[in-house]
Amino acid sequence: MALSTKLSFEKMLVLILLSAFVGIVQSYGNGQVSGVCDYMIPGHSPNSAQTSNPPFTVTADRTIFKEGEEITVTLSAQSGVSFEGFMLQARQVGSSTPIGTFTVMATGSQSLTCNGVANRAVSHTSDNGKTSMQTKWKAPTSELGNIEFRATFAQNFETFWVGIKSSVITYNGTGTATVAPTVSTVNSECGKSKVCYSQPSNCDPSTNTDCYFMSVRTATDQSQMEIEIIGKADGYVAIGFSDDQEMGNDDIYICGKDSSNILQVQHAFSTGKSAPTILSLGNVSDIKKALTNGVINCSFTTRNSISTGSRAASASEYFLMIASGPSNQGNIQFHKNKYVSTSKANLLNPDLITSEPLPAILKAHGALMLISWMTTGSLGMIIARYLKAVAKGKGCCGKDFWFLAHVTLMSISVTATAIAFILVFSYAQDWSGGAHPVLGCLVMILSLIQPIVAAFRCEPHHERRFIFNWAHSFIALAIKGLAVAAIFTGLSLIEGSEEDDWMLKVMGGFVAWEALIFVLQDLNMRSKKKDAEICSFDGISPEIVLLILFLLGNLAFLIALLVGIGRAG
């Protein structure tokens, strides 16, 4: 009985293994490989793709094409060679996304669904040897550029080639092409033949991916404008022509993603701070657009007149605006970044328009934040952590000197932070600036929570005092980390156009200097617990010496950054 059971189990195991093997072979043989549309790499073989010259070719019966036209594509094998499996797609040159639709022409082939879209690719239906296969591809009616056909050929189960390309088929239609403007020379004509505006000031979008750039070349009779828009964004970059520096009654062009994440150009009119009204695109032609590593890039020619609601169409002087932000299903959301020129640009006089100088209110905001969290806040933290034992029992009003110094310095920090917070939000009245305003709000909130927590602390020897100690320390550490991050992001907004980013480097030096002092203070504290000192200074405690050193270095870094902010713009 036991032997019979053992044999039945072994038979069952063999059947399971055979079933698995048959499943693997079948998944290869039937060509149902939609799951590898993106990479076109067969999943059935543990081997890597061949790197030698393939014995197979991909050819098309056209060298140029237009929207909606059909192209016959032929897959061929050299004499004496055959292929068991294949997968064929059409892609724009340089893209990894299949486009267009295929129509099956011969038995032994089938269409595939890629990324949820039917007929995006073609594959085999069996692993019989093939020497030739034909199919038809139909071009879409928009979003076109030069294309190439790509194929994967499987000579057998273990030998295959991936990404075999046809010759490039040139797009020669009338629709919009996804060909990027030539940004390598985009700045060369600024101030000469076209008006340019950028943020950071005079940045070069061909070398700086954080550059927001627009240019306008206007015909002398104002019959048309050639416009360029470049900038990094999650959803869209928009440019506007305005009578003032406030949003509202502005003529706008938007370059952004639609519901399929494909770039589109839109014409719009803004009304206050509500979402702009999308207009008919009108007389816009020669649209070129590209999305590269998150940078949106559009250029086009428009013969639409500029309308700001209160100006004649013949006017030529406007404030220039750039805004960027996310989009949702093709609908633009509230901007994250907004830049406005400080003076009006005469579109018929191509003088270079640089970004606005940093307003005094923003300089005051930056200075207060630097003083708060580079100097007063840091000194308050060091004193509370390392100088409690210095002049212990000496002070005023029953409080030790260290405590009075700590409370005074931290009160100054919180007050200065609150003033800086109010200043910047009274000026900006929005969340432009990416992560910087978010970090600033977190610093402000925690800075207000900290004194409230301190006010309700229990007595020093209370059994639950450790809860306050841990909470107070944790919040302080969080504030410090967020404040440093906010300073870094703020400085990057100020000096984004500087190639050497010297203020960011100075801030990095300060962080390293502060970390060094904290490490030395900590080592000294640990030494004292062992009745020793890391060094002696003739009656002056090491804590005081390190504090003085920190203050001197701190002031050097602080003054350098304050000078940088003062000179910004």
Output the qualifying pairs, or none if there are none: Cβ atoms under 6 angstrom, residues six or more apart or on different chains, first residue in the range 141-152 and touching a residue at least 60 places away in the same chain (Cβ under 8 Å) and part of a strand (DSSP E or B), second residue among the polar types (S, T, N, Q) and buried (at least 18 other Cβ atoms within 10 Å of the Cβ).
Ile147/Gln92; Phe149/Ser166; Arg150/Gln89
Have a look at Ala106, Ala90 and point out the one that is buried (at least 19 other Cβ atoms within 10 Å of the Cβ), on the phi < 0 side of the Ramachandran plot and not aromatic (Phe, Trp, Tyr).
Ala90
Does the range 106-124 contain any residue that is in the same structural domain as Phe86 (by TED's automatic domain parsing), among the hydrophobic types (A, V, I, L, M, F, W, C) and within 30 Å of Ser285 (Cα to Cα)?
yes
So in the range 288-321, with the set limited to residues that are surrounded by fewer than 21 Cβ atoms within 10 Å (Cβ to Cβ), in a strand (DSSP E or B) and not hydrophobic (A, V, I, L, M, F, W, C), which one is modelled with the lowest pLDDT?
Thr292
Being buried (at least 16 other Cβ atoms within 10 Å of the Cβ), under 16 Å from Ser372 (Cα atoms) and at pLDDT 90 or above narrows Ile559, Ile517, Ile487, Ile565 down to just Ile487
Could you run through the range 388-417 and say how many residues are of a type outside the set (D, E, K, R) and either over 21 Å from Asn524 (Cβ atoms) or not assigned by TED's automatic domain parsing to the domain that holds Ile449 (or both)?
15
Please find, among Pro451, Pro460, the residue that is loosely packed, with under 15 Cβ neighbours inside 10 Å, touching a residue at least 12 places away in the same chain (Cβ under 8 Å) and more than 29 Å from the chain's Cα centre (by Cα).
Pro451
Among Ser343, Ser324, Ser413, which is the only one that is in a strand (DSSP E or B) and out of contact with any Phe, Trp or Tyr (no Cβ under 6 Å at 6 or more places or on another chain)?
Ser324
Residues in the range 415-432: is at least one modelled with pLDDT of 85 or more and closer than 24 Å to Phe518 by Cβ?
yes
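Conditions (1) without any contact (Cβ under 8 Å) to a residue 24 or more places away in the chain; (2) surrounded by fewer than 17 Cβ atoms within 10 Å (Cβ to Cβ); (3) of a type outside the set (Phe, Trp, Tyr); (4) assigned to a loop (DSSP other than H, G, I, E, B), marked per residue:
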{"position": "Ile361", "(1), (2), (3), (4)": "no, yes, yes, no"}
{"position": "His365", "(1), (2), (3), (4)": "no, no, yes, no"}
{"position": "Leu368", "(1), (2), (3), (4)": "no, no, yes, no"}
{"position": "Met374", "(1), (2), (3), (4)": "no, no, yes, no"}
{"position": "Gly377", "(1), (2), (3), (4)": "no, no, yes, no"}
{"position": "Gly380", "(1), (2), (3), (4)": "no, no, yes, no"}
{"position": "Ile383", "(1), (2), (3), (4)": "no, no, yes, no"}
{"position": "Lys388", "(1), (2), (3), (4)": "yes, yes, yes, yes"}
{"position": "Lys392", "(1), (2), (3), (4)": "yes, yes, yes, yes"}
Quickly run through the range 247-287 and pick out the residues that are charged (D, E, K, R) and exposed (fewer than 14 other Cβ atoms within 10 Å of the Cβ).
Lys273, Asp286
Based on this model, can you work out whether Val58 counts as modelled with pLDDT of 75 or more, under 21 Å from Ala151 (Cα atoms) and surrounded by 15 or more Cβ atoms within 10 Å (Cβ to Cβ)?
yes
The listed residue being at pLDDT 90 or above and acidic (Asp, Glu), out of Glu69, Glu143, Glu84, Glu158:
Glu84
Does Asp244 qualify as being at pLDDT below 90, over 17 Å from Ser324 (Cα atoms), touching a strand residue (DSSP E or B) at 6+ places or on another chain (Cβ under 7 Å) and surrounded by fewer than 18 Cβ atoms within 10 Å (Cβ to Cβ)?
yes
Thr135 vs (1) over 23 Å from Arg62 (Cα atoms); (2) more than 38 Å from the chain's Cα centre (by Cα); (3) surrounded by 16 or more Cβ atoms within 10 Å (Cβ to Cβ); (4) of a type outside the set (Gly, Ala, Ser): all pass except (1)
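The values are calculated or read from the model by the stated rules, or taken from the named source; none is laboratory data. Because the structure is predicted, anything quoted here is derived from the model rather than measured. Virtual Cβ from ideal backbone geometry, glycine too; neighbours counted across all protein chains shown.
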